[in-house]
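These notes are about the structure you will find just below.
The values are calculated or read from the model by the stated rules, or taken from the named source; none is laboratory data. Predicted, not measured: the structure shown is a model, and the values here were computed from it. So basically every Cβ, Gly included, is an ideal-geometry build from the backbone, and we count neighbours across all protein chains shown.
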Amino acid sequence: MNIEDAYYAGKQIICENKKLTSYDASFVIDKDNPNIQKYNEVIPRVYTTPFLSTEFCKELLEESIRLSTKGDTFEVNPTEGGSVQVPEFNFKKVPGIYNLIIRAVKENLVPMFNHLWGRPNYYEATIQIANYSPREISEISYHFDSAGDVSVVVPLNTGEYEGGGTEFLNRGIVEPLPNGTALFFDSFTNKHRGLAVTKGQRYLLVMWIKGYNYNFDLTRE
């Protein structure tokens, strides 16, 4: 058991929504999009691709908020620096949802990771929903992701807030994408930050995908 698994082992909860725990590609994946499993380089070394269906995004967010009101709240990770902390809901607490999302990643995103970076094997991930809002944390500072090899960000409620977006240092800004569209990039070479949300609440599905022989360390800088 790695450090992350051990940290959440005593906090696990059950999702009763079977649509979020029983894999049905026609519901989970944006299958009707003609560009599914095709990627676009929006700025150098940063890519987007259609991924999750809008229906799945809606139900995933609603279920996460419902679970958070029962005591499993969105909370900042105390091991992260204050300038990059944001309230989050980690799906290691909900194994049914975690396993479903991992399968979706392996079947739909990993082939693109392999094509771009020659990395065919991914087995583990940190998967969470991050919440940005003017009332709490509206933005985070520039940083490199250090919890995995590939970072993936999927918007869940675009259109319900103002502001937001992701800025890559000296290379450009990716404005909020349509719900379900994955923004992905190599974690260690892309310094970036989340731009301020000025109104409403922004929810993102955030994943750091790890390859074989990656040793996860919750305290890693």
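Only one of the listed residues (Gly164, Gly96, Gly148) is among the small types (Gly, Ala, Ser) and touching a helix residue (DSSP H, G or I) at 6+ places or on another chain (Cβ under 9 Å). That residue is Gly96.
Filtered by the rule that a residue be in contact with a helix residue (DSSP H, G or I) (Cβ under 9 Å, 6 or more places away or on another chain) and among the small types (Gly, Ala, Ser), the stretch 177-193 gives Gly180, Ala182. If we scan the stretch 160-167, do we find a residue that is in a strand (DSSP E or B) and at pLDDT below 90? Within the stretch 160-167 (the criterion being in a strand (DSSP E or B) and at pLDDT below 90), the answer is no, since none of the residues qualifies. Applying the condition of being under 13 Å from the mean Cα position of the chain (by Cα) and either farther than 23 Å from Phe113 by Cβ or charged (D, E, K, R) (or both) to the stretch 185-209 and asking which residue is surrounded by the most Cβ atoms within 10 Å (Cβ to Cβ) yields Arg202. The set of residues in the stretch 42-72 that are of a type in the set (S, T, N, Q), part of a helix (DSSP H, G or I) and at pLDDT below 95 comprises Ser64, Ser68. Taken together, the criteria place Lys58 among residues that are within 16 Å of Leu204 (Cβ to Cβ) and among the charged types (D, E, K, R). Being surrounded by 15 or more Cβ atoms within 10 Å (Cβ to Cβ), more than 16 Å from Arg193 (Cβ to Cβ) and of a type in the set (S, T, N, Q) is a property that holds for Ser133.
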